[in-house]
Amino acid sequence: MNVESLNPSRMNLLLLSGREESARAALDLLRIRREALARELFTVAERAVEGREAFGETVRRATRALAVSLGQDGRAGVESAAFAARREISVSIEERNFWGVRFPEVRWQGIVRSVDARGYSFPGVSSAIHDAAREFERTLESVLEVVSVETRFRRIGAEIGKATRRINVLNEVILPELRARIRAVHLSLEEREREDIFRIKRFKGRNPAGSSPTGKS
């Protein structure tokens, strides 16, 4: 609706004032939500950086351990132990909610096993293979942790972007337009009041007090 097309009535003024108040309340809530999300984003970012560093270190250790086991036991020995240690890993996805932002959180247990729980014969496998198996199990845990944290980081970051765009629309489009409409209605009502006062004064000037309808006193 254009400012010029407004019906300058008290009812429209009340409606516009109510809409402005609602828009300001929405703006305040969006700012509070964005600040809370930003604080959470910084916390998750620290975890993401730590997780990436831990993942890189576990991959390096696992790669070194694998190289040692291949050199000591040969490819056939390592593949045989890996085949015996195969298993299904129980991983669950739990949905979490933070200020309306939904994100999956990965849950797992029992990935790193004891030596006698890997399915192969303990005496028939070298310590190098044990070390490699342990390091790769730790690497898998690290991967799941990175996936969980970085998914949360991306979701929160995207929601902050949406909140920022909504705040800008409210600040730069909706609220200025509502205020312009309110000013226009105010000015129209004031102009109408002045015209009414002028007409009343003119009417009183044409009909002085005490005169009779016939013009005789």
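Readers should treat all values here as calculations from the given coordinates under stated rules, not as data from a laboratory. All values derive from a computational prediction rather than experimental measurement. In this analysis, Cβ positions are derived from the backbone assuming ideal geometry, glycine residues included, and neighbour counts consider all displayed protein chains.
The table for this structure:
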| read-out | value |
| --- | --- |
| Test for Ala81: is it assigned to a helix (DSSP H, G or I), more than 22 Å from the chain's Cα centre (by Cα) and hydrophobic (A, V, I, L, M, F, W, C) | yes |
| Region 176-189 residues that are without any contact (Cβ under 8 Å) to a residue 40 or more places away in the chain, paired with ones that are of a type in the set (A, V, I, L, M) and in a helix (DSSP H, G or I) (beta carbon under 9 Å, 6 or more apart) | Glu177/Val3; Arg183/Val3 |
| In region 38-78, residue farthest from the chain's Cα centre (by Cα) [restricted to those that are among the acidic types (Asp, Glu) and surrounded by 12 or more Cβ atoms within 10 Å (Cβ to Cβ)] | Asp73 |
| Residue among Ser142, Ser148 that is part of a helix (DSSP H, G or I), of a type in the set (S, T, N, Q), touching a residue at least 60 places away in the same chain (Cβ under 8 Å) and surrounded by 18 or more Cβ atoms within 10 Å (Cβ to Cβ) | Ser142 |
